[in-house]
Amino acid sequence: MSVTAASGFVAASGAIGIKASDATDLALVATADGRPVPAAAVFTQNLAAAAPVQVSRSHLATTGGMASAVLLTSGNANAATGEEGLRAALAMCQRAAQSIGSSPEEVLVCQTGLIGVPFPIDLVAPRVAAVLANRSAGEAAGAAAAEAIMTTDTVRKEAVAQGPVSASRASGAAVGTAHAGGLTGRFTVGGMAKGAAMLAPNMATMLAVLTTDAMAEPPVLRAVLADAVERSFNAITIDGCTSTNDTVVILASGRAGPVVEADLAVAVQEVCTSLARQMVADAEGATKVVTVRVAGAASDDEAHRAARRVADSLLVKCSFNGADPYWGRVVSELGSAGVDFDMKRVSVSYGGTPVCVGGMAAPHDSAQVQAHMAGRYVELVCDLGLGSGEAAILTADLGYGYIDENRTTS
């Protein structure tokens, strides 16, 4: 189960005519009773923010961080569509509000797909109510909603987390312990997302909806979500491009009762991290999932900047695709990343095997490196030898499929 795993939430999905062949293109995640609950969101920092981003920001500000539903559409981003786009996004919120019995300001809207294409509101609006009337709880409803928001994704992306009930956790999954007021219990965080390209800060070409039955007020949700996004969605990149529509939303029903904020933070971060990794694994045309780790930087911020510079490099990404440990390209990117750098202190390794030490080629087991590079998961570690700063970025190689997908409008 994913976005419907937390108690107090329902989901719906169906086709309203945005996509060709009547494919599913509408999803709803809402409170079971239609009443607003504490909510928070993180949005794209792209100044060309799409209509749904503008509307959702406004609605959260109006309600003081309360929402009863998130309505999502795929196939048309409703971006660069002017005042007509804003009216269309508002109209979708109104349709959802009528269906679940809330006010339009309590509905957030997310949209993904082609940019610059007018949203066909007159075509799709009459079909919304019938789809939303079938909302329900349960795993099947959540899975169908996750499928409805896919565009170039090849698989749906879902995650569930339950926070630590003891000092040792079995599998890294999540349930939390509600300690406040002497209570003990369990809370759940569930989530769904879409995203396969334009994955770059701040956030990616992505939509994500998280739900939890933990009791938390909007300020707590905002802090927890912002930190989780920074450590997950803001630490991945596919092509260095930042979308106009990026949105991550969390709703909290409170049905599990009060919880320790730290427990909630762990669970939310686990869900976000899982969804982010699933996005990179499903990146357009990718054949490898690559962790670029920078250590020994002057600061964590400089390590992050250096790691992102390497991860975004087309030359380095091509090397990953060819399973070629061409460390010269890596060092070149580190030297132009705008961070403290001393060639004589740099080392580079693939899969734990150093291939460059002190800025020069190092003797190594070529077969061992080649075997690592040929695998699905690759790790590149760069040590600048200057300090204690560390950071890691998750990325993918540049495959032929990426060009095939993006050489025309998609």
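The values are calculated or read from the model by the stated rules, or taken from the named source; none is laboratory data. Note that the coordinates shown come from a computational prediction; the quantities given were computed from them, not determined experimentally. Because the Cβ atoms are built from the backbone with ideal geometry, glycine has one as well, and the counts that use them run over all protein chains shown. Remember, those area values only see protein heavy atoms, side chains included, never the ligands or the DNA or RNA. Shrake-Rupley method; radii C 1.70, N 1.55, O 1.52, S 1.80 Å.
Can you confirm whether Ser74 is assigned to a strand (DSSP E or B), buried (at least 24 other Cβ atoms within 10 Å of the Cβ) and either modelled with pLDDT under 95 or of a type outside the set (A, V, I, L, M, F, W, C) (or both)? Walk me through it before giving the result.
Numbers: assigned to a strand (DSSP E or B): yes; buried (at least 24 other Cβ atoms within 10 Å of the Cβ): yes; either modelled with pLDDT under 95 or of a type outside the set (A, V, I, L, M, F, W, C) (or both): yes.
When the stated conditions are applied, Ser74 passes them.
Hey, which of the strands (runs of 3 or more DSSP E) in the stretch 301-410, taking only ones fully inside, have at least 1 residues that are in contact (Cβ under 8 Å) with a residue 60 or more places away in the chain? The qualifying strands (runs of 3 or more DSSP E) are 377-383, 389-396. Every test in (1) in contact with a Gly (Cβ under 9 Å, 6 or more places away or on another chain); (2) surrounded by fewer than 24 Cβ atoms within 10 Å (Cβ to Cβ); (3) hydroxyl-bearing (Ser, Thr, Tyr) is passed by Ser68 save one, and that test is (2).
Quick test for you: out of Val294, Val249, pick the one residue that is touching a residue at least 40 places away in the same chain (Cβ under 8 Å), buried (at least 23 other Cβ atoms within 10 Å of the Cβ) and closer than 25 Å to Thr211 by Cα. One residue alone meets the criteria, Val249. Among the residues of the stretch 81-102, the one identified as in a loop (DSSP other than H, G, I, E, B) and open to solvent by 40 Å² or more (accessible area, probe 1.4 Å) is Gly101. Within the stretch 140-152, the set of residues being surrounded by 16 or more Cβ atoms within 10 Å (Cβ to Cβ) and part of a helix (DSSP H, G or I) comprises Ala141, Gly142, Ala143, Ala144, Ala145, Ala146, Glu147, Ala148.
The residues on offer are Ser313, Ser349, and the sole one that is open to solvent by less than 50 Å² (accessible area, probe 1.4 Å) and at pLDDT 95 or above is Ser349. Tell me yes or no: at least one residue of the stretch 327-336 is under 30 Å from Val160 (Cβ atoms) and of a type in the set (Ser, Thr, Tyr). Among the residues of the stretch 327-336, not one is under 30 Å from Val160 (Cβ atoms) and of a type in the set (Ser, Thr, Tyr), which makes the answer no. In this structure, does Ala30 turn out to be in contact with a Phe, Trp or Tyr (Cβ under 8 Å, 6 or more places away or on another chain), hydrophobic (A, V, I, L, M, F, W, C) and either open to solvent by 50 Å² or more (accessible area, probe 1.4 Å) or in a strand (DSSP E or B) (or both)? Yes: the conditions hold for Ala30. Restricting the stretch 1-37 to residues that are modelled with pLDDT under 95 and of a type in the set (D, E, K, R), the residue that is farthest from Thr211 (Cα to Cα) is Asp22.
Out of the residues in the stretch 38-65 meeting the condition of being β-branched (Val, Ile, Thr) and crowded, with 21+ Cβ neighbours inside 10 Å, tell me which one is modelled with the lowest pLDDT. Full working, then the answer.
Step one: of the stretch 38-65, the residues β-branched (Val, Ile, Thr) are 42, 44, 53, 55, 62-63.
Remaining after also requiring crowded, with 21+ Cβ neighbours inside 10 Å: 42, 44, 53, 55.
Values: Val42: 96, Thr44: 91, Val53: 97, Val55: 98.
Here the residue is Thr44.
Residues of the stretch 316-346 that are open to solvent by less than 60 Å² (accessible area, probe 1.4 Å), closer than 19 Å to Ala295 by Cα and polar (S, T, N, Q): Ser336 alone.
Quick one: which of Thr287, Thr273 is outside any helix (DSSP H, G or I), among the polar types (S, T, N, Q) and either closer than 28 Å to Glu333 by Cβ or open to solvent by 10 Å² or more (accessible area, probe 1.4 Å) (or both)?
Every option except Thr287 fails the conditions.
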